[in-house]
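These notes are about the structure you will find just below.
The values are calculated or read from the model by the stated rules, or taken from the named source; none is laboratory data. All values derive from a computational prediction rather than experimental measurement. All Cβ positions, glycine included, derive from the backbone under ideal geometry; neighbour counts span all protein chains shown. We work out accessible area using only protein heavy atoms, side chains counted, and drop any ligands, DNA or RNA first. Shrake-Rupley method; radii C 1.70, N 1.55, O 1.52, S 1.80 Å.
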Amino acid sequence: LEEYESTLAIQASSRQALGRRQAAHLRKRALTLQRVYRGHLGRLGYEGEQQARDARIRKAFWDGNATLVQKIWRGFWSRKHIHNFYLRKAYLDSVLRRGQEMRDLLSDHHNMLVQVEVERQAEEKLHKFEAVVGSLHHMLS
């Protein structure tokens, strides 16, 4: 009976050792599996961040190019239709021509007013002279 109990104790201790060894082995494999899976998730996250960063960089590049194209187009369109050099030149020429015509007209008007004033002063002198001479008719003989 003692031998049987000893045999049972030896078998139980060997099974315990084997169970501990299997549990340790399973624990090690579980840790390895967790480590590998966490690494996989980390790499996926990093790759997603890299792709998002690359997408932002590409978007910024193309947005900048689109802005440049829009700027060039708006400048071209503005120069062609709004600030047309030839239309502006024609307008300025017409303003100069109208200004010269107005200066000529005002000069003619001024000359006419000066002539009228000279004639008025001459006529006034003549009236004064006739008034003075008319009162001196006794000296005519």
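So here's what we get for this one:
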| quantity | calculated |
| --- | --- |
| Checklist (1) at pLDDT below 95; (2) open to solvent by 90 Å² or more (accessible area, probe 1.4 Å) applied to Arg56, failing item | (1) |
| Glu117 among the acidic types (Asp, Glu), out of contact with any Pro (no Cβ under 9 Å at 6 or more places or on another chain), without any contact (Cβ under 8 Å) to a residue 40 or more places away in the chain and open to solvent by 100 Å² or more (accessible area, probe 1.4 Å) | no |
| In segment 9-53, the residues that are polar (S, T, N, Q) and either open to solvent by less than 70 Å² (accessible area, probe 1.4 Å) or outside any helix (DSSP H, G or I) (or both) | Ser13, Ser14, Thr32, Gln50 |
| Residue match in segment 130-141 (condition: in a helix (DSSP H, G or I) and at pLDDT 90 or above) | no |
